[in-house]
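The values are calculated or read from the model by the stated rules, or taken from the named source; none is laboratory data. Nothing here was measured: the structure is a model prediction, and the numbers come from that model. Neighbour counts are summed over all protein chains in view; Cβ atoms, including those assigned to glycine, are modelled from backbone coordinates with ideal geometry.
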Amino acid sequence: MQERITVGNVEIIALIDMVPPPRQPKDFFPDVQSGLWEPYRDDVLESGMIQLYYGCFIVRSSGQIIMVDTGIGPGPHLTRGGMEGKLMGELGRVGIKPDEVDSVIHSHLHFDHVGWNIDWSGESPRPYFPNARYLVPSVDWDHFTNPKNLKDSPWIEESVTPLKSLSLMDLFEDGFHVTDEITALMTPGHTPGHMVFLINSHGKKGAILGDAIHSKVQIQEPSWCAGVDTDKEASESNRRKLIQNSYDQDYILAAGHFHPEEHFGRIITEDDNFKWQGL
């Protein structure tokens with residue numbers, strides 16, 4: 001497992017918050033017929049199941065320490081077999097203290113990306129990263145805090161809206177410069193305001209993918225959309241653009257839901273088809 005990589009002067013460290021229970025392929029990609037999985041059964045599936053990983057990234061750029069997404073949170077999570085998140089231990093293992101993090105930036109606002117935002121173990125809510133500004137995509141904020149959506153997203157009031165009441169949150173838009181080496185690119189589809197983070201440093205380029213690509217099979221089959229995508233047409237369109245640009249510009253890519261041995265990779269071609277190559 002390669003857990004650290006550099007893109008120019010930017011260092012990216014991969015962390016695993018949780019390895020959740022595997023799922024049936026049809027449960028995650030409900031529109032994909034079972035027979036279409038056959039060419040990918042050995043390379044993508046694990047014992048016939050989809051195994052995702054709840055990964056996050058620490059990024060060092062321009063003198064800052066940035067947390068990209070915060071996993072599913074401490075738990076125990078009853079919907080995940082009572083499992084608990086391990087992010088704090090992972091940070092300690094790689095030598096990062098929570099109070100050293102300068103900013104936490106979210107690719108989007110699903111529950112498995114915001115879980116270690118707010119600590120509710122005391123008498124009042126407090127941030128797990130006490131010295132950080134929390135950066136939230138403005139389009140996702142508007143979507144998830146809309147009352148008609150909020151009732152189906154209970155994690156928002158637990159892990160996101162307290163950031164505003166604690167004056168810790170800043171909203172950001174497409175094109176926002178996280179640092180002079182990292183820029184947010186809005187890639188709607190999975191959620192309305194989903195963001196990919198593009199890296200451009202000393203002639204090298206890369207991207208942190210968020211949930212624009214959940215599984216490496218989507219590089220060969222970009223039309224395959226997760227059941228939870230809010231706009232499948234936009235999801236596919238933006239995924240195709242991202243794959244093409246990543247190949248054309250030789251991006252180094254960071255994919256949080258991929259197997260730990262393949263968190264980092266690039267897009268290559270094989271038999272005139274795009275494919276993931278782990279680093």
Checklist outcome for this item: Here the qualifying pairs (Cβ atoms under 8 Å; residues six or more apart or on different chains; first in the range 155-166 and on the phi > 0 side of the Ramachandran plot; second surrounded by fewer than 17 Cβ atoms within 10 Å (Cβ to Cβ)) come out as none
Item to check | Check on L163, modelled with pLDDT of 95 or more, under 21 Å from the mean Cα position of the chain (by Cα), aliphatic (A, V, I, L, M) and more than 28 Å from Y251 (Cα to Cα) | outcome: yes
Next on the checklist: Quick check on the range 1-28: of everything there that is touching a residue at least 60 places away in the same chain (Cβ under 8 Å) and acidic (D, E), which residue is surrounded by the most Cβ atoms within 10 Å (Cβ to Cβ)?
Outcome noted: D17
Checklist outcome for this item: Subset of the range 40-97, residues among the aromatic types (F, W, Y) and within 17 Å of R133 (Cα to Cα), comes to F57
Next on the checklist: Could you check the range 29-64 and list, in sequence order, the residues that are surrounded by 19 or more Cβ atoms within 10 Å (Cβ to Cβ), in contact with a strand residue (DSSP E or B) (Cβ under 9 Å, 6 or more places away or on another chain) and more than 30 Å from H177 (Cα to Cα)?
Outcome noted: F29, V44, I50
Item to check | Qualifying position, being under 26 Å from T70 (Cα atoms), modelled with pLDDT of 95 or more and among the polar types (S, T, N, Q), among S237, S223, S215 | outcome: S215
Next on the checklist: For the range 128-158, give me the residue count where each residue is small (G, A, S) and either closer than 18 Å to G73 by Cβ or out of contact with any Gly (no Cβ under 8 Å at 6 or more places or on another chain) (or both).
Outcome noted: 2
Checklist entry - How about the range 90-167: which helices (runs of 4 or more DSSP H) wholly inside it have at least 2 residues that are surrounded by 19 or more Cβ atoms within 10 Å (Cβ to Cβ)? => result 138-145, 155-159, 161-165
Next on the checklist: If F57 meets every condition in (1) among the hydrophobic types (A, V, I, L, M, F, W, C); (2) more than 18 Å from H263 (Cβ to Cβ); (3) out of contact with any Ser or Thr (no Cβ under 9 Å at 6 or more places or on another chain) apart from one, which number is that one?
Outcome noted: (2)
Checklist outcome for this item: How many residues of the range 188-214 are within 15 Å of W141 (Cα to Cα) and of a type in the set (S, T, Y)? The answer is 1
Checklist entry - What are the residue pairs meeting all of these: first residue in the range 128-148, first residue in contact (Cβ under 8 Å) with a residue 24 or more places away in the chain and among the basic types (K, R), second residue buried (at least 16 other Cβ atoms within 10 Å of the Cβ) and in a loop (DSSP other than H, G, I, E, B), Cβ atoms under 7 Å, and 6 or more apart or on different chains? => result R133/L168
Next on the checklist: So, L279, is that one of a type in the set (A, V, I, L, M, F, W, C), buried (at least 23 other Cβ atoms within 10 Å of the Cβ) and either under 21 Å from L52 (Cβ atoms) or touching a residue at least 60 places away in the same chain (Cβ under 8 Å) (or both) or not?
Outcome noted: no
Checklist entry - Is it true that some residue in the range 72-86 is surrounded by 18 or more Cβ atoms within 10 Å (Cβ to Cβ) and closer than 17 Å to T6 by Cα? => result no
Item to check | Checklist (1) surrounded by 21 or more Cβ atoms within 10 Å (Cβ to Cβ); (2) under 30 Å from V217 (Cα atoms); (3) out of contact with any His (no Cβ under 6 Å at 6 or more places or on another chain) applied to D69, failing item | outcome: (3)
Item to check | Boolean, D272 is more than 24 Å from E38 (Cα to Cα) and without any contact (Cβ under 8 Å) to a residue 12 or more places away in the chain | outcome: no
